[in-house]
Amino acid sequence: MIRGLISLVIVGVVMLAGLAVVVKGPQAFTRYLPDKLATAFDGGRIGSFDSAVTGSGDKASDYLEDGVDGMTVHGPIAAMAGNQPVFIKDMLSGHMTQVADDIPAEITMIRPISGCRLTAPLDGTGVGHVTAAATGLLLPLLTYDDQDLAAGVQALVNTYRDSGTASVAAPAALAFEAYDVAVTETRTPVYLVLESGPGNRIWNIHLAPGARIERVILLGGTHVGVANLDPVIPVEVLPGAALAECGIDPFYPLNPGHRFFEVLKSGTGSSKAEAEAKYAVMQARVAAYDIWFRDSFGVLAGETRAGFDGGTVSVVGPQPAEAEPKAVYARVQGSRIRMTQNSYFEIRGQVAEGEDFSGRVKAIATSFAFGDLKALRQGVAF
């Protein structure tokens, strides 16, 4: 009987662990492992959590899927210029994805530039261009404004009326996600253009011995920052809202396996005509962004881009030879960060009681309820 109960407990733990990995990704598991084991888990084959590998798995391209929704990563690979895949372990030593508890030693707030014109690269400088989508590597850093608090208050009220629970967690969208950039280029200084989609992003820079950064440009995103960058290196920020105001529309060609091309190929009548019209608009957007990118940085966006959907690492520079040093992983823990922020900023676990997101939301809701949250359960319009 006891053995049976123990077996049930073990099965339950395994199922919960599997659910956590599916919902939150490998970080939900690796954050509780010792550093050495977690690093092996992150960087080796066992860290891929993969069910879509093509071929033998011996080539980096085996872990890259030309899928109907984009080029998607299914294993321990990074993107190089032109979106060429490479194994992370061949480019970056000490790589890990344990960032959920990483707290920087110093944070400096920076502001976006005024206007739309960015400083061009100097002659003789190489341009590295990285793009990033969601990574799931959430840092314990978050930023928000009064609109976010208002949405939190409404969520708390709804929860309280339904269940009597007077608390609400900060939405994951308020947290900063990490993305790793390994710089292996050592022949010339590197001008980094780091381009993010919606959301908050911290770009973590990892240099190979001898690599030099001239300037960093942060494009897109809601709030963005850079970690492990020498404080004397200039950083310029043009966030997503500013890009739109400047008429700059980042757009790239669809991958060959995208579902759109099936519609374009097999569609009939009005659906085919509509697809052809959309494709013409897409091509125009790609060309327009390439022109702006070339005029701003001297290279084309599509040709230099390094970044896959679902990826967490990009590489700027060549693959080191066997005897050459790789880029060296630098943790966010204890680092210096320069970042933009919203009205409120907090580090999880380092905020006075009642001054974190949940505390602020509860205080506002209590104030509206004239000091007694029970009033909210009476169906009064909120």
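The values are calculated or read from the model by the stated rules, or taken from the named source; none is laboratory data. Fair warning: this is a prediction, and the values are worked out from it, not measured in the lab. All Cβ positions, glycine included, derive from the backbone under ideal geometry; neighbour counts span all protein chains shown.
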Exercise. Of the residues in region 250-277, how many are out of contact with any helix residue (DSSP H, G or I) (no Cβ under 6 Å at 6 or more places or on another chain) and either at pLDDT 95 or above or part of a loop (DSSP other than H, G, I, E, B) (or both)?
Worked result: 5
For this session: Taking the options VAL281, VAL315, name whichever one is over 30 Å from GLY152 (Cα atoms) and in a strand (DSSP E or B).
Result: VAL315
Problem set entry | Qualifying positions in region 56-110 - among the hydroxyl-bearing types (Ser, Thr, Tyr), crowded, with 16+ Cβ neighbours inside 10 Å, out of contact with any helix residue (DSSP H, G or I) (no Cβ under 9 Å at 6 or more places or on another chain) and within 30 Å of THR143 (Cβ to Cβ) | THR72
Exercise. What number of residues within region 92-136 satisfy the criterion of being in contact with a strand residue (DSSP E or B) (Cβ under 8 Å, 6 or more places away or on another chain) and under 18 Å from ARG336 (Cα atoms)?
Worked result: 13
Exercise. Is it the case that some residue within region 152-168 is at pLDDT 95 or above, more than 30 Å from GLU324 (Cβ to Cβ) and either polar (S, T, N, Q) or touching a strand residue (DSSP E or B) at 6+ places or on another chain (Cβ under 6 Å) (or both)?
Worked result: no
Problem set entry | Which numbered condition ALA151 misses (of (1) outside any helix (DSSP H, G or I); (2) of a type in the set (Gly, Ala, Ser); (3) at negative phi; (4) surrounded by fewer than 20 Cβ atoms within 10 Å (Cβ to Cβ)) | (1)
Exercise. Can you pull out the residues in region 359-370 that are surrounded by fewer than 17 Cβ atoms within 10 Å (Cβ to Cβ) and in a helix (DSSP H, G or I)?
Worked result: GLY359, ALA363, ILE364, SER367, PHE368
Seminar exercise, completed: If we ask which residues in region 293-310 are at negative phi and either at pLDDT below 95 or surrounded by fewer than 18 Cβ atoms within 10 Å (Cβ to Cβ) (or both), their number turns out to be 7
Exercise. Only one residue in ALA182, ALA166, ALA134 is assigned to a loop (DSSP other than H, G, I, E, B), within 18 Å of the chain's Cα centre (by Cα) and of a type in the set (A, V, I, L, M), so which one is that?
Worked result: ALA134
Exercise. Given the conditions (1) in contact with a helix residue (DSSP H, G or I) (Cβ under 8 Å, 6 or more places away or on another chain); (2) at pLDDT 95 or above; (3) over 23 Å from GLN333 (Cα atoms), which single one is not true for ASN200?
Worked result: (3)
For this session: Being of a type in the set (D, E, K, R) and surrounded by fewer than 24 Cβ atoms within 10 Å (Cβ to Cβ) is the filter; apply it to region 196-226 and report the residue that is nearest to the chain's Cα centre (by Cα).
Result: ARG215
Exercise. Filtering region 234-253 down to residues that are surrounded by fewer than 16 Cβ atoms within 10 Å (Cβ to Cβ) and not acidic (Asp, Glu), which residue is nearest to the chain's Cα centre (by Cα)?
Worked result: ALA241
Problem set entry | Members of region 319-356 found to be farther than 23 Å from ASP180 by Cβ, of a type in the set (Val, Ile, Thr) and at pLDDT 95 or above, listed by number | none
